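Colleague: Have a look at this one before I ask anything.
The values are calculated or read from the model by the stated rules, or taken from the named source; none is laboratory data. These numbers come from a predicted model, not from an experiment. As a convention, Cβ positions derive from the backbone with ideal geometry for all residues, glycine included, and neighbour counts pool all protein chains shown. Note: areas computed on protein heavy atoms with side chains; ligands, DNA, RNA excluded. Shrake-Rupley method; radii C 1.70, N 1.55, O 1.52, S 1.80 Å.
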Amino acid sequence: MTSSRVLTGITTSGTPHLGNYVGSIRPSVRASLAPGVESFYFLADYHALIKIDDPARIQRSTLEIAASWLAAGLDPNRVAFYRQSDIPEIPELSWILTCMSAKGMLNRAHAYKASVDKNLAAQADPDADISAGLFMYPVLMAADIVLFNAHKVPVGRDQVQHIEMARDIAQRFNHTYGEQFVLPEALIEESVATLPGLDGRKMSKSYDNTIPLFTPKAQLRKLIAGILTDSRAPGEAKDTEGSALFQIYQAFASEAETAALRQAYADGIAWGDAKQILFERIDKEVAPMRDAYQRYMDNPGEVEDILQAGAIKARKIATPFIAQLRHAVGLRNLRAQATQKSAKAAKAALPVFKQYRETTGKFHFKLVDAQGRLLLESAGFDAPKDAGQAIARLQAEGISSLGNLQPAEGASLDDITQALEALQNAA
Ligand code: TRP
């Protein structure tokens, strides 16, 4: 494998917002353009089932996320862009890996532990409302990754533990069944700050403080107007430190633009004017993509075709690999058993050297042909090592190293030569 493989999944549980764009979509699309990298991006809809039991929402989110990535410039011809549930090898591998995963390790997964802790704090049963799916989440994610032997997995900090678990599971598998998997590494983009949301906390669906990436222009303006600021009046100097508005601006603006806004803060820009600047800057980047997004949203069949083509591409790798993995663990075609047996039988039908000890205490060997006929019997050696060396010499040098040994009764030098050759050919 010459190129390096980068893979990441996006859970189809919501509508992409500016935080997703800055933290994941934009850097991923840029990275996918780098030479020498094979990229895999997939819609993690099996993972979505863990949190969401509303079918329409999963379907809608799948379309919205796919449309967002495509609108942001992801080129499905350059990368493998597919939907997790179109790859049956993933759940199949997930079961195989489940059997390689320590339950104690899964007990320690942050997401699961947080749910248990919440129950405990509420004095509820520790397992209340916790599905086995949540518990197994890291194993499914490991299957996503190692099925494609990804080297690097770009994720947010909250996912690093899952990548470490994927490594751990892959390592265990390799140890038990032989080297099959690349051990993946998390790739955390240090330069990508997490974007604050409307209320200043991290922009996240769970805080209900997001700005949807492709919200209509008027709505974008309205949401930006709602970003929390302090009560400093126009003309009063503003603090960039801790200003959500400033941080969001920084994620979109050039260094020069950022410096200019910093100066404006110091000069006492009115919050309304600062918000207008932010709106214009974001809209400048988003507007050209918004049209493409809308086109994909209006043509879901086109997106479906793109994902189907992506699945074919991904399965070109997954299908032969799962066959290899099935074999490795012993899920095998029974005809293979017959082949193995006949290989064994062929092996049994070879001449053999047998070593033994006589009642005299001396060590001997004999050479017996495939049919069990005695061809050669050695004199006695004082140590088993000496007998072993004589055998090794015979195998390496042939009958020239026989010395004064004679063929056994009824055997010829030719028989011995043939037997030695047969052994050499089989080695
Ligand atoms: N769990 C990831 C998240 O919520 C999504 C995901 C699923 C993923 N499978 C993956 C990410 C494999 C990277 C690799 O963000």
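Colleague: Against the longest principal axis of the chain, how steep is helix 55-71, in degrees 0 to 90 to the nearest 10, with axes from Cα atoms?
Modeller: It works out to around 90 degrees.
Colleague: What residues of region 387-415 lie in the reach of a label at Arg373, counting those whose backbone N is under 16 Å from a point 7 Å from the Cα along Cα→Cβ?
Modeller: So the set is 407-415.
Colleague: What part of the accessible area of region 214-285, given as a whole %, is carbon or sulfur when the probe is 1.4 angstrom?
Modeller: Ligands and nucleic acids excluded, carbon and sulfur give 51 percent.
Colleague: Could you tell me what a quarter of the Cα convex hull surface of region 345-426 works out to, in nm² with one decimal place?
Modeller: With the hull built on Cα positions only, its mean projection is 5.4 nm².
Colleague: Between Arg30 and Arg157, what's the calculated FRET efficiency when r is the beta-carbon distance and R0 is 22 Å? Round to 0.05.
Modeller: Efficiency, from the Cβ-Cβ distance: 0.65.
Colleague: Something else about it: Could I have the simple spin-label model distance between Thr319 and Gln219, label points 7 Å from Cα toward Cβ, reported in nm to one decimal?
Modeller: Distance between the two pseudo-spin positions: 4.0 nm.
Colleague: With charges only on Cβ, +1 for K and R and -1 for D and E, what is the dipole size of region 345-426 about its Cα centre, in debye, rounded to 20?
Modeller: Once rounded to the nearest 20, the dipole reads 320 debye.
Colleague: To make sure I understand the rule: partners must be lysines, Cα under 26 Å from the Cα of Lys284, and not fewer than 8 residues away in the same chain. Which ones qualify?
Modeller: Within reach: Lys202, Lys205, Lys217, Lys222, Lys238, Lys275.
Colleague: For the chain, what does the equivalent ellipsoid look like in terms of its semi-axes, each the square root of 5 times an eigenvalue of the Cα gyration tensor, given largest first in whole Å?
Modeller: Equivalent-ellipsoid dimensions as semi-axes: 68, 22, 22 Å.
Colleague: Still on this structure: Using just the helices of the chain, give the 222 nm mean residue ellipticity in deg cm²/dmol: DSSP H runs with n ≥ 4 each add -39,500 (n - 2.57), and the total is spread over all residues, rounded to 500.
Modeller: -16500 deg cm²/dmol
Colleague: A follow-up question, please. Work out the length of the dipole vector of the chain about its Cα centre, built from +1 on the beta-carbon of each Lys and Arg and -1 on the beta-carbon of each Asp and Glu, and round it to the nearest 20 debye.
Modeller: Once rounded to the nearest 20, the dipole reads 540 debye.
Colleague: Next question, about the same structure. With angles folded into 0 to 90 degrees, how steeply does helix 132-146 sit against the dominant principal axis of the chain? Use alpha carbons for both and round to 10.
Modeller: 70 degrees
Colleague: Using only Cα atoms, find the angle between the long axis of helix 334-348 and the longest principal axis of the chain, and express it within 0 to 90 degrees, rounded to the nearest 10.
Modeller: 30 degrees
Colleague: Kirkwood hydrodynamic radius of region 49-157 from all distinct Cα pairs, in Å?
Modeller: Radius from the Kirkwood sum: 16.3 Å.
Colleague: Work through the residues other than Ala66 whose Cβ is under 13 Å from its Cβ and net out their charges, Lys, Arg +1 and Asp, Glu -1.
Modeller: -3
Colleague: Work out the charge dipole of the chain with +1 on the Cβ of Lys and Arg and -1 on the Cβ of Asp and Glu about the Cα centre, then indicate which of Leu350, Asn77, Tyr137 is farthest towards its positive end.
Modeller: Highest projection toward the positive end goes to Leu350.
Colleague: Using alpha-carbon pairs under 8 Å, 6+ residues apart, how would you state the relative contact order of region 277-391 in percent?
Modeller: In percent, rounded to a whole number, it is 13.
Colleague: Which of the peptides 380-386, 287-293 is most tightly packed, and how do the rest follow, judged by the mean count of other Cβ atoms within 10 Å per residue?
Modeller: For the peptides 380-386, 287-293, the packing ranking is 287-293, 380-386.
Colleague: When you take every Cα atom in region 230-374, what is the radius of gyration, and what is Dmax, the widest Cα pair distance, in Å?
Modeller: That works out to 38.4, 111 Å for Rg and Dmax.
Colleague: What length, rounded to one decimal in nm, is gained on full extension from Tyr177 through to Arg60, with 0.36 nm per residue of separation minus their alpha-carbon distance?
Modeller: Length gained, Tyr177 through Arg60: 38.1 nm.
Colleague: Towards the positive end of the charge dipole of region 214-285, with charges on Cβ (+1 Lys, Arg; -1 Asp, Glu), say which of Ala260, Gly226, Ala237 has the farthest Cα.
Modeller: Among Ala260, Gly226, Ala237, the one farthest towards the positive end of the dipole of region 214-285 is Gly226.
Colleague: Under a point spin-label approximation (7 Å from Cα along Cα-to-Cβ), what is the Lys205-Glu241 distance to one decimal in nm?
Modeller: Going by the 7 Å Cα→Cβ label model, 3.5 nm.
Colleague: Set the Förster distance to 60 Å, then compute FRET efficiency between Gln123 and Ala427 from the Cβ-Cβ distance, nearest 0.05.
Modeller: Efficiency computed from Cβ-Cβ geometry: 0.30.
Colleague: Hey, another quick one. Which loop-located GluC sites (Glu not before Pro) does region 73-182 contain, where loop means any DSSP state but H, G, I, E or B and the Cβ has at most 14 other Cβ atoms within 10 Å?
Modeller: For GluC sites (Glu not before Pro) across region 73-182 that sit outside H, G, I, E and B with at most 14 neighbouring Cβ atoms in 10 Å, the list reads Glu179.
Colleague: Rounded, prolate or oblate: which one fits region 214-285, using the alpha carbon gyration tensor with axes a ≥ b ≥ c (rounded when a/c is under 1.5, else prolate when a/b beats b/c, else oblate)?
Modeller: Note, shape of region 214-285 comes out oblate.
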